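Okay, structure first, notes after.
Values in this text are rule-based calculations from the coordinates and carry no lab data. Computed from a prediction, not measured in an experiment: that's the story for all the values here. Counting neighbours? That spans all protein chains shown, and the Cβs are built from the backbone with ideal geometry, glycine included.
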Amino acid sequence: MKRLVVFFITGLLLIAVIGITGCTSNPKTPTAPVSTLTTPVSTPAPIAGEKPDKITLGENNAARKALDYLRVMPFSRDGLIKQLEYEGFTHQQAVYGVDQSGADWNKQAALKAKDYLRLMAFSRDGLIKQLEYEGFTHQQAVYGVDQSGADWNEQAALKAKDYLRLMAFSRDGLIKQLEYEGFTHQQAVYGAQAVGY
């Protein structure tokens, strides 16, 4: 094995020496100088702070994956970046991909709010907090909740019904629990009355 390695290294050195001497030796027959006309080419100077037009494969794939996710379900910007990072993209690739998606984050918040309301009852404040937890800004969360079209009295009634399925409450205890969930006093009273209190 050692002989093979020594032979290989010797061969590489020999090829290198032949190549160097062949390139530096003077030709025996003079050749006429070749005259070439060159036209000067002006290249624009790079603009400071501008990102080169080269998009990496990772950035391109992150952008594609971001669009794939947005076709299936709504995301906050931060939530989508975290999802792409979970998929193995670097933070830089994930940010690039999300920023290239063209998503309207207010619209995404509204869609997410509607999704949550299809699953369970929320107070207005509770839904805003849930959207913020998902990574939406406060303004996006408020917009999304306001666009959801929810009837907060009806949400209080649904939440009261859910609570009574789980455990027994007194009227006052149910109202306090609904208020704790973020319903106003009037909404909590409405919810308690809707279930028979």
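Observations on the model:
- Among the listed pairs Lys54/Lys82; Lys112/Lys161; Lys65/Lys107; Lys82/Lys176, a Cα-Cα separation exceeding 31 Å is found for Lys82/Lys176.
- Cα shape, segment 105-194, gyration tensor, a/c 1.5 rule: prolate
- Packing rank of 156-167, 72-83, where each peptide gets the mean count of other beta carbons within 10 Å, highest leading: 72-83, 156-167
- Label-reachable residues, segment 154-171, where backbone N falls under 14 Å from a point 7 Å from Tyr197's Cα toward its Cβ: 156-171
- HN-Hα J in Hz across segment 145-155 - Karplus 6.51, -1.76, 1.60, θ = phi - 60°, x for Gly and Pro: 5, 5, 8, 6, x, 6, 9, 5, 5, 5, 4
- About its Cα centre, the dipole of segment 57-100 is roughly 120 debye, where the only charges are +1 on Lys and Arg Cβ and -1 on Asp and Glu Cβ.
- Packing-based ranking, highest mean first, of 109-117, 176-184 given that Cβ atoms within 10 Å are counted: 109-117, 176-184
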